1. For the pair residue A:136 and residue B:220, what calculated FRET efficiency results from E = 1/(1 + (r/R0)^6), where r is the Cβ-Cβ distance and R0 = 56 Å, to the nearest 0.05?
2. Output the relative contact order of chain B, whole-number percent, from Cα pairs under 8 angstrom with separation of 6+ residues.
3. What FRET efficiency, computed as 1/(1 + (r/R0)^6) with R0 = 22 Å and r the Cβ-Cβ distance, is obtained for residue C:105 and residue C:147, rounded to the nearest 0.05?
4. Just to be sure I understand: with springs between alpha-carbon atoms less than 10 Å apart, which residue in C:190, C:109, C:208 has the highest mean-square fluctuation in the Gaussian network model of chain C?
5. Once whole DSSP H runs in chain A are found, which of them have Cα atoms spread over 24 Å or more along the helix axis and a mean Kyte-Doolittle score of at least -0.5?
6. If the reach is capped at under 16 angstrom between alpha carbons, list the aspartates and glutamates near residue B:12, excluding any in the same chain fewer than eight residues apart.
7. Please build a GNM for chain C, connecting alpha carbons under 10 Å apart, and tell me which residue among C:40, C:219, C:229 fluctuates the most.
8. Expressed as an acute angle from 0 to 90° and rounded to the nearest 10, what is the orientation of the C-alpha long axis of helix C:127-140 relative to the principal long axis of chain C?
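The values are calculated or read from the model by the stated rules, or taken from the named source; none is laboratory data. Predicted model only: the values in this text are computed from it and were never measured. As a convention, Cβ positions derive from the backbone with ideal geometry for all residues, glycine included, and neighbour counts pool all protein chains shown. In case anyone asks, the SASA skips ligands and DNA or RNA and just uses the protein heavy atoms, side chains included. Shrake-Rupley method; radii C 1.70, N 1.55, O 1.52, S 1.80 Å.
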Amino acid sequence: MKRTLIILLRNPLSLLGVLLVLMVIVLAVFADFIAPFPDHKGAVVDFVYFNQAPSDRNLMGTDLVGRDLFSRIIYAYRISLMLGVVVLVISVPIGVLAGLFAGYRGGKTEFVLMRLTDVFLSIPPLVLAIAMMGVLEPTLLNAMLAVTAMWWPWYARLVYNVARSEREEGYVLAAEVIGASQWHICFREILPNCLPAVITKMTLDMGFVIIIASSLSFLGLGVQPPTPDLGSMVAEGARYLPDSWWLTVFPGLAILVAVFGFNLIGDALREILGAEQ
Amino acid sequence: MTALLSTRNLHKTFGKKRSLVHAVNNVSLDVQAGECLAIVGESGSGKTTLANMLLGVYPQTSGEITLDGQQLPARRTLVHRRAIQLVQQNPLSSLNPRRSVGASVRLGLDVYGIGKPSERWRITEAALEEVGLPAAFRKRSPSALSGGQRQRVAIARALACQSRVVVLDEPTSALDVLVQARVLRLLDRLRRDKGLTYVFITHDLSVVRNIADRVAVFNAGVMVECSDTRRLFEAPQHSYTRSLIAAVPVVTEAEMQLRNTLAEESSK
Amino acid sequence: MTPVLAIENLHLGFKGYTGYTEVLHGISLSINPAERVALVGESGSGKSVTARIILGLLQEVRGATIRGELRFLQHDLNSIGTKHWRDLRGTRMSMIFQDPTSALNPVFTVGVQFIEVLRRGSAPLSEAAALSRASALLQSVSINDPERVLQAYPFQLSGGMNQRVMIAMALANNPALLIADEPGTALDVTVQAQTLDLMNQLVASHNTAMLFISHNLGVVREFADRIYVIYRGRIVEQGPTAAVFNDPGHPYTRALMAAVPRITGGGIADIPDTSDEFLQPCVNHGSAL
């Protein structure tokens, strides 16, 4: 763990990733202190300063009702990160458990669990989310639910593949010959070997969840106004291109920075943790 | 004297009807307490299948396995499992890369309830020291160990359970020759010191010659010859045994001569 | 006599997330025409990477740094460029791998793969001509029913059969150098002995020089004219096979010899698996030129 961290910080690319992600997290956590106009996260109207280009007062300009874009982006980060964390916290354990049991036990368990994940995987994720949001109310909570529903099967499949190959390893045979319980073999022997892959995917997925959430909001199905969201900001601003370019460019860059940062870390982790085995 | 471990008419088949394979065919053999019996054969000879049945990894199709005169059931109890332990070929895979060396060695102690929980780390460390590793290795990860050290850990894991029979499945074929020599010496010393019984599975006849008391030669699931090591090498009875010995790559003149004599005999 | 292959002071290192590690610390070796040279060492000694460098496979790996002179026939391998190098592979230099079954492509028949090999070598060849040449080559490796083998997929054949196919393919274009990396180690001893015998005869009849990479001293003793012993990225002893085996000069070579169990018995020798003595300078037995 410590070794991984040291390597991560020594490589310039992964260091950049760590710095970008840290910046996003700091902005999101301390939004109340950093944002120049904390109250602009809500439904505020300030027609004196509406649709202003970037200036000393508004670093990234203002939107159509005069809210400070920089402040809104910081608050949008908070929503995006929260969405990402909640989605992963719910979907990863479900996926990991399903994959682990299917991979180790094989037979009927494998058949039932993996066919179920196949069903979920065969539905295009965005379509599933749109369908769910159509049936349910388009709220933040439902957005999270929709994204979670389409996220866990990927973890099930990932862990299933790792567990199935780990199952053939000598240490599993060793534990079986000794007579260790299935619980022990699954959770103490095989699971630790699946974790590097899971952690790597989680890092990469933080970026993807942010993009998916933004896409949903862009389509008007995710976070609802006046709550700030990067996707809806881009969608709204796109109508005023190229004159009011800051309305789209800055939220777009904000998405890029966060996703890029998570991806850099994920790529580095994949290489470091993969090489360790 | 009854044998410690024996098999009678042991059969194992895989597959169904048309693609039926007799992996182990009517094998009856006895392993005496304290001896090292080598099971020799090429791939597909059934030697690993035999080992897996002895260990209870899967049940035999027919025939019986007895330990101390007691028949072993298809579903082994922990008492049965504890008596027969395993050392595998590839130490890289037989130790969990994500668990400490100590955790791997201790597993058997926890499963069989050997010693008080508070004493188990001490027993683990003693087992490591017995195979020539420092007790401090307990906290290391297998990836920090060399191939030879890992194989010592695997041996310590079998020792810690205080088993009576150890099945060694190609324990040195993944090791370099210098490391192999040291591990073989260790195995030999442990057997004498602790009165262990070995079932030594290998394809390497030159190793067998120097470590086994008796040798059973397997070919296509059938035991073709079983005799004292010395006799097997100096006067092999079965033509398959002769061809096996004649194919061993050798390094000295004396070995060359032995091989040539055997080659002549089998061509007669 | 110009050597087929001459390597001078070869260094290899890898750069990764964990920093730079040097694997080869200046290896020099040469192989004369029709000579069978063995590179013997334990795992991690650098013998397989040396083979990969000669074939030009490691040069394309990210993070690998290679220094040193490499001459193959009249070519300076460092300056010929990857395309030319690729043309040499499979024609003037070829390779036999440890596991023959995984070295052949499972989705094509042996015949298809064989034709491809033959077409790389010589002037355009019709399919019929290529097939008849392939079947002649298969016959030369003691395959009695070449037509059946050519139509088969590699997984339908035994390991020993695939090994023979590999040997026939490797020699199809009359290479000047054949590199064999632990040939037959994945096979059973009896099959291994047969295929090595076969390879030996063919190499002699084709006048091919051979670099034989192995950890098995017994195999090397039977098949090499000259030996290089490699330990941790350094050559520690070299000379004609008989000289090295009868009078090993380097402590590492001596330990290696002593460690091999004998089929004549005598127990297992007590030797350390590492020692400072093993790092002593190289012992040369003079060359067989």
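1. On the way: r = 64 Å, r/R0 = 1.15.
FRET efficiency, residue B:220 to residue A:136: 0.30.
2. On the way: 490 pairs, mean separation 62.4, N = 268.
Dividing the mean separation by the residue count of chain B yields 23 percent.
3. Working: r = 20 Å, r/R0 = 0.91.
So the FRET efficiency works out to roughly 0.65.
4. C:190
5. Working: long enough: A:12-29 (25 Å, 2.94); A:69-105 (53 Å, 1.63); A:140-166 (38 Å, 0.47); A:191-218 (38 Å, 1.39); A:246-276 (45 Å, 1.33).
Flagged H segments are A:12-29, A:69-105, A:140-166, A:191-218, A:246-276.
6. B:64
7. C:219
8. Taking the Cα atoms of chain C, the angle to C:127-140 is about 50 degrees.
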